[in-house]
Amino acid sequence: MSLWQHYHLPRSVDEALSILSGYNGKAQVVGGGTDLLLELQQGRRPPVAALVDVTRIPEMNRLEERDGRVYLGAAITHTAIVAEPMLTRHATCLVESCGVIGGPQVRNVATIGGNVAHALPAGDGTISLVALEAEAEIASRTPNSNDQTPKRDWRPMLSLYSGPGKSAVDHHRELIVQFRFPTASAGEASAFKRIMRPQGVALPILNLAVWMKLSDGIVDEIRIALGPAGSTPLRATKAETYLTGIPLVDGVIPQAADLVLREAKLRTSPHRATAEYRAELIPVLFERAVKLARHRAATGDVVPEGLGLA
Ligand SMILES: Cc1cc2nc3c(=O)[nH]c(=O)nc-3n(C[C@H](O)[C@H](O)[C@H](O)COP(=O)(O)OP(=O)(O)OC[C@H]3O[C@@H](n4cnc5c(N)ncnc54)[C@H](O)[C@@H]3O)c2cc1C
């Protein structure tokens, strides 16, 4: 049995929504296909009537800096993100996370929208977008309504998840069109770190992204995101509150790491690591990411680290 009957390549968001609505829930959006095609092939999803490929939609491939924000199309690949100097400056953690996803073959086709829509609590690009406090623009049509005008709304990253692998975006009727997040001003920087099994390809044992705003060594604002540390990506808000308003000296990092650890709901996974091992890793990754982000915020030096070979 074929895994899909029809393959569509719409050229606009409206056209994609119109095709999806014509199949009435029996068609599915596809980006690079690196998750979805495997799931179809391995029988983890039933065959679909049609795949609606969004990678040729110009609006979803657009990257721009406008009015103090970066707008990042959801069909942009991880390779394209890594190659973009504007993102290195404003979203260093995102470049670092997209640069270690899979291998070059995966990064060349896999999209940032697919990474978020797949809804894993430790998607690498996802964790960085959470630390950047990104929002996603969702396009949809109201089902069973005479009003077929496409609707658009901006939703915060964490509202896109309803459980492990469960997206709150309906991939049969809705599209993630693009993401937006604030540009980085002086004193603001981010960093991403992860631990992966040496032979691992799909998801990390643990990943963590930190964004911060520093003034004279004092933390004005900080955001800490990590996974897998619960059923959805986690913002470690207690550690954020603890660090806000105090000097970011080395001595406070272990206390903050302890708060991150207390908020994380760690579990043992048969393929990756035990909960105990993950608990050991949190302080290590946290310290590395915080110190790197602090250095970047203080110096403006944002050379990404740890990118995979192109
Ligand atoms: C060998 C290998 C290694 C990998 N390594 C990593 C890794 O290190 N880190 C990591 O995080 N991930 C990894 N992945 C997972 C995967 O490659 C990424 O999550 C990738 O970003 C998915 O993007 P995609 O465009 O291929 O998604 P697709 O497979 O096309 O789609 C994934 C899901 O999202 C939906 N979707 C896609 N785009 C949209 C959109 N714009 N709007 C609404 N719904 C949409 C689809 O319907 C589908 O349900 C790996 C996968 C493989 C096969």
Would you mind finding the one in Val70, Val109 that is of a type in the set (A, V, I, L, M, F, W, C) and away from the ligand (no atom under 11 Å from the Cβ)? Val70
Scan Glu137, Glu174 and give me the residue that is out of contact with any helix residue (DSSP H, G or I) (no Cβ under 9 Å at 6 or more places or on another chain), within 13 Å of the ligand (Cβ to nearest atom) and charged (D, E, K, R). Glu137
Would you confirm whether or not the stretch 12-20 contains a residue that is farther than 20 Å from Ile138 by Cβ and not assigned by TED's automatic domain parsing to the domain that holds Ala139? no
Out of (1) closer than 21 Å to Asp301 by Cβ; (2) buried (at least 17 other Cβ atoms within 10 Å of the Cβ), the odd one out for Gly217 is which? (2)
Strands (runs of 3 or more DSSP E) contained in the stretch 133-190 and holding at least 3 residues at negative phi and of a type in the set (Lys, Arg): 151-156
Consider the stretch 9-58. How many of its residues are within 11 Å of the ligand (Cβ to nearest atom) and closer than 30 Å to Arg89 by Cβ? 8
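The values are calculated or read from the model by the stated rules, or taken from the named source; none is laboratory data. Keep in mind that this is a model prediction, so the values were computed, not measured. Positions of Cβ are generated from backbone atoms using ideal geometry, with glycine treated the same way; all protein chains shown enter the neighbour counts.
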